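Novice: Below are the structure tokens for one structure; questions will follow.
The values are calculated or read from the model by the stated rules, or taken from the named source; none is laboratory data. Being a predicted model, the structure only gives us computed values, none of them experimental. Ideal geometry is used to build each Cβ from the backbone, glycine not excepted, and the neighbour counts take in all protein chains shown.
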Amino acid sequence: MLFLTVLLASCSIIETELRPPEIDQTHRFEADYYYLLGYEAFISGRWDETLGYYRKALEHDPKSPYLRTQVGHLLFRKGDLAAALNVVEEVLRDDPDYVKALMLASEIYSDSKRVPDAVAALKKVIALAPDNEDAPMLLGRLYYQNNMAAEAIEVFNKVLLKDPEDYFALDFLSSVYIDAKEYAKAEELLKRILEIKPLDSVHFKLGIVYELQERYSEAVENYEAALKLNPHNNQARERIAQVYVRQKLTNRAIEEFLVLSRQQPANADMHTRLGMLYYEGKDFERSIAEFRSALGDQPGNPTVRYYLALVLEESEKFAEAEAEFRKIISQEPKNINAFLHLAIIYSRQKKEAESIKMFREILEFDKEKPEVFLYLSLAYTRINELRKAEEVLIEATSKFKENDELQFNLAMVYDKAGRFDDMVRALRTAIALNPKNAEALNYLGYYFAEKGMNLAEAQSLIERALEQRPESGYFLDSLGWVMHKLGRNAKALELLEKAVGFTATDPVLFEHLGDVCNSLGQKERALQFWEKSLQYHEKEEGLRERVQKKIGDIKKIP
């Protein structure tokens, strides 16, 4: 009771200062008593009880702007914006200059997206109470949150004129400049804060500023400074790791993530990041271990399981990869990527029937991806089911009429089937759809050169292909072969020798070099190139017999 009496007395003194002198004091004790009970309930988190006591206090002092505003505050905290605003606007109708009500009104208006009303309330507070430190900060923050950068800068600069060391004003102003990409100004403000007091949060923010400018060494320096001030600032360590990732310093990035992983052993995200880094570094065993650890923490995470399956596939652990992809499909029956990779796994194991089945399953629920049709046609082509490959591509080209890659692959099927007129027609369609399709340009040009027809057009087509890919050994070989067909063997030799610098293991290129040298009377060089061609004969069907005959023929000549 003594404690209660002291509190009531002190509350009474405060209330006297808050209440205008003309308010009736008749029921003052009862109002203070219920207010105190409400306050005790409030700090204990019993908000409904608090509201009851505050309203009871108002029964004894119904005109108190302080009590009414407190009720508004509580309603605002409870999320009842309409009721809170109704209360505070009633207070302001009775007392338009009551600062506490204006401050509360600004918050309610802000949360209700009534920005002009919030601004007006805060400006009025600043005019009524120039020494109020909260109103300018709230106004500046309001401007900042609503992308009113110029207004925010003006307000924060006024705060700093009064107090050049106001940490919050400096910090908010730096954020405004960061968003505006005025990094030099942000850097200056953050350094001013550090002169006042070294804080890990400020070093972290300064690190972000440097990182955004790709000043990575300075970024790392500030992140490390943040860690020295606060060894538990995991965000700073994460940023260091990310900087190393951007710089492709994979081992350093791994070191940082390992520290984080040891601090947070159950953090699936850390294991996933480590898994990705190990994967990029071709350390598949460690990558697999990290992804499995991540799955141990999040067994239902299909993304992590997908990464694990990819690494298993890459490391040729096909059975395990297949098992993981099938688990994904059981979770997500229409996960196209899982189906595609299953098909690729089967194809890599020469299980084309299973691969085809997978592609067919995809097309049962999704026919909107041209690459699925393309992969299916390639699978049929690999088993020499050319009619089925053609059917798939005909369906695809009728559905995706502007897709030049489908037309190109249809041309390849016609080529394999010996249907050369159809092949030329499909290649011309691909080029019409995409005049920069380098593969189609080169293939048609080379075909004409092989047949010894349309050589001027062949040269033009291949030159257009080389404009897209000037360092393609295959395209240079094609152009060299056109020159040979045109009788310009010196130019042909120059182009073919250049091609070897980009494509050093192509048997057809060496065969062409031998043919051109033979045409130039360089018999010994021709033999050398033909023999070199035979070293890679398995890459080109029929080449071995063809080149051996050329070698035999030249050796018969005395």
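Novice: What number of residues within region 252-266 satisfy the criterion of being β-branched (Val, Ile, Thr) and buried (at least 18 other Cβ atoms within 10 Å of the Cβ)? Steps first, please.
Specialist: Let us first name the residues in region 252-266 that are β-branched (Val, Ile, Thr), namely 254, 259.
Still in the list and also buried (at least 18 other Cβ atoms within 10 Å of the Cβ): 254.
Of the residues in that region, 1 qualify.
Novice: Now for a separate question. Which ranges mark the helices (runs of 4 or more DSSP H) fully within region 66-176 that have 2 or more residues being touching a Leu at 6+ places or on another chain (Cβ under 7 Å), surrounded by 14 or more Cβ atoms within 10 Å (Cβ to Cβ) and without any contact (Cβ under 8 Å) to a residue 24 or more places away in the chain?
Specialist: On the way: elements: 81-94, 99-111, 115-128, 134-145, 149-162.
Where helices (runs of 4 or more DSSP H) fall fully within region 66-176 and carry at least 2 residues being touching a Leu at 6+ places or on another chain (Cβ under 7 Å), surrounded by 14 or more Cβ atoms within 10 Å (Cβ to Cβ) and without any contact (Cβ under 8 Å) to a residue 24 or more places away in the chain, they are 81-94, 115-128, 149-162.
Novice: Among the residues that make up region 535-544, is at least one of them touching a Pro at 6+ places or on another chain (Cβ under 7 Å), over 26 Å from residue 420 (Cα atoms) and outside any helix (DSSP H, G or I)?
Specialist: Looking through region 535-544, at least one residue is touching a Pro at 6+ places or on another chain (Cβ under 7 Å), over 26 Å from residue 420 (Cα atoms) and outside any helix (DSSP H, G or I).
Novice: Write out, first by first residue and then by second, each pair whose Cβ atoms fall under 8 Å of each other, whose residues are 6+ apart or on separate chains, and whose first residue, in region 330-348, is over 16 Å from residue 310 (Cβ atoms) while the second is assigned to a loop (DSSP other than H, G, I, E, B) and charged (D, E, K, R).
Specialist: Pairs found: 334/366.
Novice: Considering only region 213-248, state which residues are of a type in the set (Lys, Arg) and more than 19 Å from residue 187 (Cα to Cα).
Specialist: Within region 213-248, 228, 237, 246, 248 meet the criteria.
Novice: Another question, if that's okay. List, please: which pairs have Cβ atoms under 7 Å, are six or more places apart or on different chains, and start with a residue in region 533-552 that is farther than 13 Å from residue 506 by Cα and end with one that is at pLDDT 90 or above and of a type in the set (Phe, Trp, Tyr)?
Specialist: 547/530; 550/530; 551/530
Novice: Looking at this structure, is residue 181 among the basic types (Lys, Arg), out of contact with any Pro (no Cβ under 6 Å at 6 or more places or on another chain) and more than 26 Å from residue 236 (Cβ to Cβ)?
Specialist: In short, no.
Novice: Also: Which residues, counting only those in region 202-236, are buried (at least 16 other Cβ atoms within 10 Å of the Cβ) and under 23 Å from residue 149 (Cα atoms)?
Specialist: Once the filter is applied, which keeps residues that are buried (at least 16 other Cβ atoms within 10 Å of the Cβ) and under 23 Å from residue 149 (Cα atoms), region 202-236 yields 202, 204, 205, 206, 207, 208, 209, 210, 211.
Novice: I've got another one for you. For region 9-48, which positions are assigned to a loop (DSSP other than H, G, I, E, B) and either modelled with pLDDT of 85 or more or hydrophobic (A, V, I, L, M, F, W, C) (or both)?
Specialist: 23, 44, 45, 46, listed by residue number.
Novice: Restricting to region 49-65, give me the number of residues that are surrounded by fewer than 23 Cβ atoms within 10 Å (Cβ to Cβ) and in a helix (DSSP H, G or I).
Specialist: Count: 10.
Novice: Is it the case that some residue within region 185-200 is touching a Lys or Arg at 6+ places or on another chain (Cβ under 7 Å), of a type outside the set (A, V, I, L, M, F, W, C) and either in a helix (DSSP H, G or I) or at pLDDT 95 or above (or both)?
Specialist: no
Novice: Against the conditions (1) touching a residue at least 12 places away in the same chain (Cβ under 8 Å); (2) surrounded by 15 or more Cβ atoms within 10 Å (Cβ to Cβ), where does residue 501 fall short? Just the number, please.
Specialist: It is condition (2) that residue 501 fails.
Listed here are the residues, each with its yes/no results for (1) modelled with pLDDT under 95; (2) out of contact with any Ser or Thr (no Cβ under 6 Å at 6 or more places or on another chain).
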| position | (1), (2) |
| --- | --- |
| 391 | no, yes |
| 395 | no, yes |
| 406 | no, no |
| 414 | no, yes |
| 452 | yes, yes |
| 476 | no, yes |
| 485 | no, yes |
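Novice: I'd like the full set of residues that are of a type in the set (S, T, N, Q), in a helix (DSSP H, G or I) and surrounded by 20 or more Cβ atoms within 10 Å (Cβ to Cβ), limited to region 400-445. Break it down stepwise before answering.
Specialist: Kept after step one, since they are of a type in the set (S, T, N, Q), are these residues of region 400-445: 403, 407, 409, 429, 434, 437, 442.
This time we only want the ones that are in a helix (DSSP H, G or I), so: 407, 409, 429, 442.
Scanning region 400-445 gives 407, 409, 442.
Novice: I'd like to know if region 472-485 contains one or more residues that are surrounded by fewer than 17 Cβ atoms within 10 Å (Cβ to Cβ) and not aromatic (Phe, Trp, Tyr).
Specialist: no
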